[in-house]
Each structure stands twice: as C-alpha cells, then as structure tokens.
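Worksheet: one structure, shown below.
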C-alpha cells in the first residue's frame, strides 16, 4: 500500500512539474487572456492525471480494514490499481506528446545536427510510447490477472476501465483537435487513435 501511494505521489509531483514546464516549450495555441501559448492536448492529459490519481488514493483507502495491519480485503484495491495505471498513462502522454513538435522546431533551426536530432526524436517517442502501453494496458491486465476476487468482479472492473479509458480518450481527441486548430467534430478514427495514442505523437 505504501509503495502504491508513493508511486501516486511521485506521479502527481511529475504532473505539477510538467504543467509549469509546458509554458517554456515551443509551439502551442494562442488564447486571448493567456500570456503564454497553451499546449492543449498535453495540458488536458496532465490535468486529467490528477483527479484519476486522487481517485486511486481513495480506492486504496477504501480497500483497507480498520485494524492494526490494515489488510486490504476489498475489490477496490484492484480498482485503485487500474486508476493508478491510468493516471500514469495520462502523465506519460502529457510528458511525451509535446516533444514531437518541439523537436521538429529544434531540427528546423539546427539542420547541421539533423541526424543526431532524428535519433533523439525517434528514441524519445519510442521509449515514451512503450511506457504508455505498459501503463495503459500491461499494468491493468496484470492487476486483473493477479486479482484474488471472483471473475464477475474482475470482468466488471475491466469493462469499467475500458469505459473510463474510452471517455478520457474522447476528451484527449477533443484537446488534440484544438491543438490542430480543427473546428470539425471528432471522428470515430480519431477516437480510436486514442487507444493507441503514441502513434499520434
């Protein structure tokens, strides 16, 4: 339990750091009333990571018995694990997704270093993408696979995870449309792309 809560605390700290750092990255959308350009997609992902992580903390608290050992006997510990991994995936998306545009701008201004920047660009997006897939799918799958609770509960948790993940994907697709300055509605293809979001980065 302490290890899980430490991970969530670290995740929230990373979110706070990255939210401040986004203002210094090139690109972004100019909005009236805001001094700096806004990276809408990354900002939304990071902001979503906070309530999801907080909900995971509540789930962990609910799972503990009120005794000296604080044994976790409720299925809410698995739900909290799913939320923890979802929060990590959102943080990874908010951290790595703005790098693509930033590195492209850097490459345009340093054409002599294009080969090196290409390697760095591809490597960062690859490692970030792998981390995202681990957090979004591998972690939740393992949590459900190792769950000691009945299959019905685990199935309901898996469905709930996919529903929430799909809804957050719709929000992320809308934020990405703002970044792309698109006034059109979200298409099915754009929404489905959020389930493999690193390929959009």
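Rundown of residues vs (1) closer than 27 Å to residue 84 by Cβ; (2) at pLDDT below 90; (3) more than 13 Å from the chain's Cα centre (by Cα), yes/no style:
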{"position": "112", "(1), (2), (3)": "no, yes, yes"}
{"position": "133", "(1), (2), (3)": "yes, no, no"}
{"position": "136", "(1), (2), (3)": "yes, no, no"}
{"position": "160", "(1), (2), (3)": "yes, no, yes"}
{"position": "166", "(1), (2), (3)": "yes, no, no"}
{"position": "169", "(1), (2), (3)": "yes, no, no"}
{"position": "176", "(1), (2), (3)": "yes, yes, yes"}
{"position": "181", "(1), (2), (3)": "no, yes, yes"}
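Checking each residue of region 1-23 against the condition of being in contact with a helix residue (DSSP H, G or I) (Cβ under 7 Å, 6 or more places away or on another chain), modelled with pLDDT under 90 and not in a helix (DSSP H, G or I) gives at least one match.
Residues in region 60-81 that are within 23 Å of residue 14 (Cα to Cα) and modelled with pLDDT under 90: 60, 61.
Of 61, 50, 92, 77, which residue is surrounded by fewer than 19 Cβ atoms within 10 Å (Cβ to Cβ), assigned to a helix (DSSP H, G or I) and touching a helix residue (DSSP H, G or I) at 6+ places or on another chain (Cβ under 8 Å)? Only one candidate passes the filter, namely 50.
Here residue 121 passes the criteria (1) surrounded by 18 or more Cβ atoms within 10 Å (Cβ to Cβ); (2) farther than 16 Å from residue 8 by Cα; (3) at pLDDT 95 or above except the one numbered (3).
The values are calculated or read from the model by the stated rules, or taken from the named source; none is laboratory data. As the structure is a computational prediction, the values presented were derived from the model and not from experiment. Using ideal geometry, Cβ is built from the backbone for each residue, glycine included, and neighbour counts are taken over all protein chains shown.
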